[in-house]
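K.L.:
Submitted below is the structure of interest, expressed as structure tokens.
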């Protein structure tokens, strides 16, 4: 009797696992969303045609969130940057982790540049970059 109960529980468990896996595979569990920047770290000086690497910190809304891409708007020497996150996976942890992405700025001429990283819909974290 005990072995029949174990067999029945095992079969039910396997059936449930197969059903859950199939449902997850049929779903499109990938999306993108703009997120805010909470901090930017790095040097504020560089040279013409030399890469300046900045660390950009941003939160994602769950454990499946990762960096996707930077979106830039350039107006002279003012560059506005927003971060797009990508969420891959149907089953995600419900934490709000902070991720880091490396932003590369390569100026083609000398001068003072302003990099504006979007921190809310109408506020920015600004970095003034001097290029020699």
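K.L.:
For the structure I just gave you, tell me whether residue 37 is surrounded by 14 or more Cβ atoms within 10 Å (Cβ to Cβ), assigned to a loop (DSSP other than H, G, I, E, B), within 12 Å of the chain's Cα centre (by Cα) and in contact (Cβ under 8 Å) with a residue 40 or more places away in the chain.
P.N.:
yes
K.L.:
Considering the range 47-69 alone, what residues qualify as being assigned to a strand (DSSP E or B) and either under 14 Å from residue 129 (Cα atoms) or touching a residue at least 40 places away in the same chain (Cβ under 8 Å) (or both)?
P.N.:
Of everything in the range 47-69, those that are assigned to a strand (DSSP E or B) and either under 14 Å from residue 129 (Cα atoms) or touching a residue at least 40 places away in the same chain (Cβ under 8 Å) (or both) turn out to be 52, 53, 54, 55, 56, 57, 58, 59.
K.L.:
Shifting gears a bit: Here are 84, 72: which of them is within 20 Å of residue 118 (Cα to Cα) and in contact (Cβ under 8 Å) with a residue 24 or more places away in the chain?
P.N.:
Among 84, 72, only 84 is within 20 Å of residue 118 (Cα to Cα) and in contact (Cβ under 8 Å) with a residue 24 or more places away in the chain.
Bear in mind that the values in this text are calculations on the coordinates, not laboratory data. Small disclaimer: the values here were computed from a predicted structure and weren't measured. As a convention, Cβ positions derive from the backbone with ideal geometry for all residues, glycine included, and neighbour counts pool all protein chains shown.
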